[in-house]
Amino acid sequence: MQFLETARELARFTKQQCINFPKRYTFFGGQRTFDCAYRMLENVKKGNSTFPRNQHEVQVRRDYFMAALAELNSLCEYIDDARATFPIKDTIMLQWLTMVTDEMRLIKAIMQKDKERFAKADFPE
């Protein structure tokens, strides 16, 4: 369940960083960055709460995790844009991007494990 905790930490960290963005950037990036992180968290939680009983539900679970990965990719772009717009300390950038890449790695590992587990599953009709 490390992927859930990392997602929560990343969302909270992102919120804190967005609060520190210059006020004029709030509606042009801060809010979007914040929303992106929380959509990622929501998708991770939705994927985790999906307990497949058939092949369609396996795909639904996978779709949630894919959406979370897409949000993480978008989050990287928002972070990069913020860095290009105003100064962000290198230590903050390193911590932030490390959290993003760790979460990506954990989600991909869950998806791989699901692929192995559900490939052998014999779901009742």
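Taking the stretch 72-98 as the range and being open to solvent by 30 Å² or more (accessible area, probe 1.4 Å), touching a residue at least 24 places away in the same chain (Cβ under 8 Å) and in contact with a helix residue (DSSP H, G or I) (Cβ under 7 Å, 6 or more places away or on another chain) as the test, the residues that pass are Ser74, Cys76, Tyr78, Asp81, Thr85, Ile92. The residues of the stretch 6-40 that are open to solvent by less than 50 Å² (accessible area, probe 1.4 Å) and closer than 19 Å to Lys108 by Cα, listed by number, are Thr6, Ala7, Leu10, Ala11, Cys36, Ala37, Met40.
Checking each residue of the stretch 6-24 against the condition of being within 14 Å of the chain's Cα centre (by Cα), aliphatic (A, V, I, L, M) and farther than 16 Å from Leu97 by Cβ gives no match. Of the residues making up the stretch 82-100, those that are more than 19 Å from Asn48 (Cα to Cα), β-branched (Val, Ile, Thr) and modelled with pLDDT of 95 or more are Thr91, Ile92, Thr98. The condition of being of a type outside the set (Ser, Thr, Tyr) and either open to solvent by 70 Å² or more (accessible area, probe 1.4 Å) or farther than 18 Å from Gln16 by Cβ (or both) holds for only one of Glu116, Glu103, that being Glu116.
The values are calculated or read from the model by the stated rules, or taken from the named source; none is laboratory data. Just so we're clear, the structure is a prediction, and the values are computed from it rather than from any experiment. FYI the Cβ positions are ideal-geometry reconstructions off the backbone, even for glycines, and counts take in every protein chain you see. These accessible areas exclude ligands, DNA and RNA; they are computed on the full protein's heavy atoms, side chains included. Shrake-Rupley method; radii C 1.70, N 1.55, O 1.52, S 1.80 Å.
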